[in-house]
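These notes concern the structure reproduced below.
The values are calculated or read from the model by the stated rules, or taken from the named source; none is laboratory data. These numbers come from a predicted model, not from an experiment. Here the Cβ is made from the backbone with ideal geometry for all residues, glycine too, and neighbour counts use every protein chain on show.
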Amino acid sequence: QVQLVESGGGLVQAGGSLRLSCAASGSAFRINAMGWYRQAPGKQRELVATITSIGSTNYADSVKGRFTISRDKARNTVYLQMNNLKPEDTAVYFCNAQSWTSTYWGQGTQVTVSS
């Protein structure tokens with residue numbers, strides 16, 4: 001089993017920045033890819049960014065050029081640096097980890113961007 005704990009959410013004004021962190025524990029050695037998803041009220045959960053074990057990244061078009069995902073494999077931690085935040089980025093952000101056989105989710109952290 002893998003446990004994921006997110007931190008770093010909060011309230012920020014439009015144009016501001018936040019950095020999310022997600023620490024994996026348990027059988028973290030099983031993890032291949034990690035990523036961030038978000039869910040706004042009344043909307044489906046959507047992919048924000050992912051990063052593989054070799055560092056390949058993928059971003060949603062809506063965050064390209066503003067968000068950066070990175071990973072510290074030694075600390076089993078993934079980060080999401082969010083710059084130039086917009087009100088439409090307001091959502092609960094969930095950390096995700098994938099092994100060969102399972103998918104794991106964190107409990108989510110709220111990000112609120114005021115206009």
### Summary
Subset of the range 58-73, residues over 17 Å from residue 6 (Cα atoms) and either of a type in the set (Val, Ile, Thr) or not in a strand (DSSP E or B) (or both), comes to 60, 61, 62, 63, 64, 65, 66
### Summary
Within the range 61-76, the residues that are modelled with pLDDT of 95 or more and either surrounded by fewer than 14 Cβ atoms within 10 Å (Cβ to Cβ) or among the polar types (S, T, N, Q) (or both) are 61, 62, 64, 65, 68, 70
### Query
Which residue, of 55, 16, 42, is outside any strand (DSSP E or B), farther than 26 Å from residue 88 by Cβ and not β-branched (Val, Ile, Thr)?
55
### Query
Which residues, counting only those in the range 96-114, are farther than 24 Å from residue 28 by Cβ and either more than 13 Å from the chain's Cα centre (by Cα) or modelled with pLDDT under 95 (or both)?
112, 113, 114
### Message
Looking at 9, 26, 55 in this structure, which one is within 30 Å of residue 114 (Cβ to Cβ), out of contact with any Leu (no Cβ under 6 Å at 6 or more places or on another chain) and at pLDDT below 95?
### Response
9
